[in-house]
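Asks: For reference, the structure I am asking about is given below.
The values are calculated or read from the model by the stated rules, or taken from the named source; none is laboratory data. All values reported here derive from a predicted model rather than from experimental measurement. Please note: Cβ atoms are built from the backbone with ideal geometry, for glycine as well, and neighbour counts cover all protein chains shown. Calculation scope for accessible area: heavy atoms of the full protein, side chains included, ligands and nucleic acids excluded. Shrake-Rupley method; radii C 1.70, N 1.55, O 1.52, S 1.80 Å.
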Amino acid sequence: MLRLYSSSRKFDTVFIVLLFVLFALTAGMLVLIGASQYRITTDSINRNYEIRTASSYLTEKMHQYDTSSGVSVTEHALVFSETIEDNQYLTYIYYYDGALYELFTAADTDFVPGAGAEIMPLNGFNAEKLENGLIRICFTDTEGSMHQEYLHSHTDH
């Protein structure tokens, strides 16, 4: 009879240990799934932030300088012009070295891409002047997705 009791006790101990191992494995799997989902969510949030920030920044600059001679497009940049105390100044928005840059300079100063301030990382940027005052802005985010936006300008057509 003593032997039956001892065998039953071993079975109970093994069952409890197996139940604990099963619980630990299940908890570990849940943590791994949660961490993976968290990473996916934060990557999506960061990507959407990049897109919205670039789009909002470019739209706001366009509205800020939207006059008859305030916006132009060159081969490498979107250029905004303004006069401050009888001096002409240019603001260049351009892609350089893996990021969107802004350079504010006097109109008689040469455009030097490395002198600008980095706005945000991007994989590409292009501005193109279309007819009827439309400007198409294309940019590629850091994930490689291309986005385009059409902005209207009151510049001379």
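Asks: Ignoring everything but the protein chains, give the 1.4 Å probe accessible area of residue 131 in square angstrom, nearest 10.
Replies: 140
Asks: In square angstrom, what is the accessible area per residue of the chain with a 1.4 angstrom probe?
Replies: I get 68 Å² per residue for the chain.
Asks: Also, quick follow-up: What percentage of all Cα-Cα pairs in segment 19-114 are separated by more than 20 Å?
Replies: 57
Asks: What shape does segment 111-157 take by its C-alpha gyration tensor, where a ≥ b ≥ c are the square roots of the eigenvalues and a/c under 1.5 counts as rounded, a/b above b/c as prolate, and the rest as oblate?
Replies: Verdict is oblate for segment 111-157.
Asks: While we're looking at this one, here's another question. Assuming R0 = 30 Å, can you tell me the calculated FRET efficiency for the pair residue 39 and residue 97, based on Cβ-Cβ distance, to the nearest 0.05?
Replies: Rounded to the nearest 0.05, the efficiency is 0.60.
Asks: Each residue of segment 113-120 in turn: what ³J(HN,Hα) in whole Hz from Karplus with 6.51, -1.76, 1.60 and θ = phi - 60°, glycine and Pro shown as x?
Replies: Taking θ as phi minus 60°, the curve returns x, x, 7, x, 9, 5, 8, 6 Hz for segment 113-120.
Asks: Turning to a different aspect of this structure: In degrees from 0 to 90, rounded to the nearest 10, what is the angle of the helix 2-64 Cα long axis to the longest principal axis of the chain?
Replies: With both axes taken from Cα atoms, the answer is about 10 degrees.
Asks: Any idea how far apart residue 134 and residue 111 come out in nm if each label point goes 7 Å out from Cα toward Cβ?
Replies: Computed distance between label sites residue 134 and residue 111 equals 2.3 nm.
Asks: If you roll a 1.4 angstrom probe over the protein chains with everything in place, what fraction of the accessible area of the chain belongs to carbon and sulfur, to the nearest %?
Replies: 58
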